[in-house]
Amino acid sequence: MAQTITQKILARAANRKFVETGENVWLNVDILLTHDVCGPPTFDIFKEKFGSGAKVWDPEKIVVLPDHYIFTENEHAHRNIDLLRKFSKEQNLPNYYDVGTDRYKGVCHVALAEEGYNLPGTVLFGTDSHTCTSGAFGMFGTGIGNTDAAFILGTGKIWEKVPESMKFIFEGQMPDYLAAKDLILQILGDIGTDGATYRAMEFDGSAVYSLPMEERMTLTNMAIEAGGMNGIIAADNVTEAYVQERSGKPYEIFKSDPDADYHSIYRYRVEELEPVVAMPHSPDNRATVRSVQDTRITKSYIGSCTGGKLSDFVMAAGILKGKTVSVPTNIVPATVEVAQSLETELVEGQPIKKILEDAGCTIARPSCAACLGGPSDTFGRSEDNDLVVSTTNRNFPGRMGSKKAGVCLASPLTAAASAITGKLTDPREFLR
């Protein structure tokens, strides 16, 4: 019987040849991810339910990546890190990436890819809603709560309902003024923040497969903003090249059957699309940048798991080279690897870091920073009456700090162009 890629991967994890959508199955988990916000309560539940002296099911399959509240003086944030250290030491977890050491990586969703944990055909669960980012690698990734994560810690298994799938096909050649962020914001505007609730969002088409891995990660990252259980893109040669450079572990590639059933199918021609922005206070509050052009902003923020990858800064640097920003512009590399690459990666013969600094941007240390607001001393945190154009993934009131601030979600191209003018600006103004 015909199956989607998501069905096939979950069937493999259930030791089955076929699973029906809507069916509940036990899955064998390949990787469990947690971080400094959700790790401590997950560990507490594990100890409460399995016993204070219990051991995790497989230390090699647990990845602990502190990233949210890192560079702060907040005592509660520091305590969370201490709790991660304590549990990781008790359990002899080899994949704990401690803050303040050479092992620290940065934002978990990007670090998972860099460190070779994202393998086609596998299943990865994480105590973070944007775990769906990993689906860009032809695998199943989704976020779970602390209780489910604690159960996985003790058993390596989870009980899940197989989701039905929606397919989003982007055909054509990507224009230089569009980014993956524009594609996912287009979808969100079309289907809303509940349009894919508990469904798999499968991305396909020539335009999708023309994207580098980091841009594909932007698409799958924001599946949760539509309520999706997971986002997924079948692996191809680009995926395999990325994976094989970072991991020697075996993997299996699955693709949807041509006659697989879908809840719905959406088709787009990328040449017919234009830069868009999600206005406050919802990711589906889509407008073309051109239609809201001249809306004054107070800050620009380029960073996060959605917008802090090297490809995002390449795009931003292409706009900012030789220009000067007119509003505070905060640059937050997602990971240490990205931060280091800013010094070596060239755009028109100049290092990206120099281009950004010469333009007047402020570059932070790698972490989630203000994407989730954070303590009062968090870098880039919004203040009352701010209107921030941001490459992050959510713009609910208070998401980046003040509840009296607004956030406009946009691509790195739009965020950079807007930083120069001090108002929402279509990047085509600088690409002519």
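General remarks:
- The residues of the stretch 390-414 that are over 30 Å from Asn80 (Cβ atoms) and of a type in the set (A, V, I, L, M), listed by number, are Ala410, Leu413.
- Filtered residues of the stretch 133-187 (kept if within 25 Å of Glu252 (Cβ to Cβ), open to solvent by 20 Å² or more (accessible area, probe 1.4 Å) and of a type in the set (Ser, Thr, Tyr)): Thr155
- In the stretch 2-35, the residues that are open to solvent by less than 10 Å² (accessible area, probe 1.4 Å) and without any contact (Cβ under 8 Å) to a residue 60 or more places away in the chain: Ala11
- Selection status of Ile70, touching a Pro at 6+ places or on another chain (Cβ under 8 Å) and modelled with pLDDT of 95 or more: no
- Within the stretch 219-235, being in contact (Cβ under 8 Å) with a residue 60 or more places away in the chain and surrounded by fewer than 22 Cβ atoms within 10 Å (Cβ to Cβ) holds for one residue alone: Ala234.
- Only one entry in Ile169, Ile184 is touching a residue at least 60 places away in the same chain (Cβ under 8 Å) and within 19 Å of Ile5 (Cβ to Cβ), namely Ile169.
- Odd one out for Phe396 among (1) under 20 Å from Val110 (Cα atoms); (2) assigned to a loop (DSSP other than H, G, I, E, B): (1)
- Pairs with Cβ under 9 Å, 6+ apart, first in the stretch 407-422 and in contact (Cβ under 8 Å) with a residue 12 or more places away in the chain and surrounded by fewer than 24 Cβ atoms within 10 Å (Cβ to Cβ), second assigned to a helix (DSSP H, G or I) and of a type in the set (Asp, Glu): Ile420/Glu429; Thr421/Glu429
- Among the candidates Ser390, Ser376, the residue that is surrounded by fewer than 19 Cβ atoms within 10 Å (Cβ to Cβ) and at negative phi is uniquely Ser376.
- Every residue from the stretch 88-120 that is assigned to a loop (DSSP other than H, G, I, E, B) and within 19 Å of the chain's Cα centre (by Cα): Tyr97, Tyr104, Lys105, Val107, Glu115, Gly116, Tyr117, Asn118, Leu119, Pro120
- Hey, His68 open to solvent by less than 30 Å² (accessible area, probe 1.4 Å), in contact with a Cys (Cβ under 7 Å, 6 or more places away or on another chain) and in a loop (DSSP other than H, G, I, E, B) or not: yes
- Some residue of the stretch 208-218 being in contact with a Phe, Trp or Tyr (Cβ under 8 Å, 6 or more places away or on another chain), closer than 22 Å to Cys108 by Cα and buried (at least 21 other Cβ atoms within 10 Å of the Cβ): yes
- Inspection of the stretch 20-35 finds a residue satisfying the criterion of being more than 30 Å from Asp204 (Cβ to Cβ) and modelled with pLDDT of 95 or more.
- Segments classed as helices (runs of 4 or more DSSP H), wholly inside the stretch 256-369, with at least 1 members that are under 30 Å from Asn385 (Cβ atoms): 304-307, 310-320, 352-358
- The residue pairs whose first member lies in the stretch 332-359 and is within 28 Å of Gly100 (Cα to Cα) and acidic (Asp, Glu), whose second member is open to solvent by 30 Å² or more (accessible area, probe 1.4 Å) and not in a helix (DSSP H, G or I), and whose beta carbons are closer than 8 Å, counting only pairs six or more residues apart or on different chains, are Glu337/Lys105; Glu343/Pro351; Glu345/Pro351; Glu357/Ile363.
- Restricting the stretch 275-305 to residues that are out of contact with any strand residue (DSSP E or B) (no Cβ under 8 Å at 6 or more places or on another chain) and over 27 Å from Ala113 (Cα atoms), the residue that is least open to solvent (accessible area, probe 1.4 Å): Ser282
- Single match in Val336, Val325 (criterion: of a type in the set (A, V, I, L, M), farther than 23 Å from Met174 by Cα and open to solvent by 30 Å² or more (accessible area, probe 1.4 Å)): Val336
- Exactly one residue out of Arg381, Arg365 is open to solvent by 40 Å² or more (accessible area, probe 1.4 Å), touching a strand residue (DSSP E or B) at 6+ places or on another chain (Cβ under 7 Å) and of a type in the set (Lys, Arg), and it is Arg381.
The values are calculated or read from the model by the stated rules, or taken from the named source; none is laboratory data. Only a predicted model underlies this, so the values are computations on that prediction, with no experimental measurement involved. Heads up, the Cβs are rebuilt from the backbone with ideal geometry, glycines too, and the neighbour counts pull from every protein chain shown. Protein only, heavy atoms only, side chains kept; ligands, DNA and RNA dropped before computing areas. Shrake-Rupley method; radii C 1.70, N 1.55, O 1.52, S 1.80 Å.
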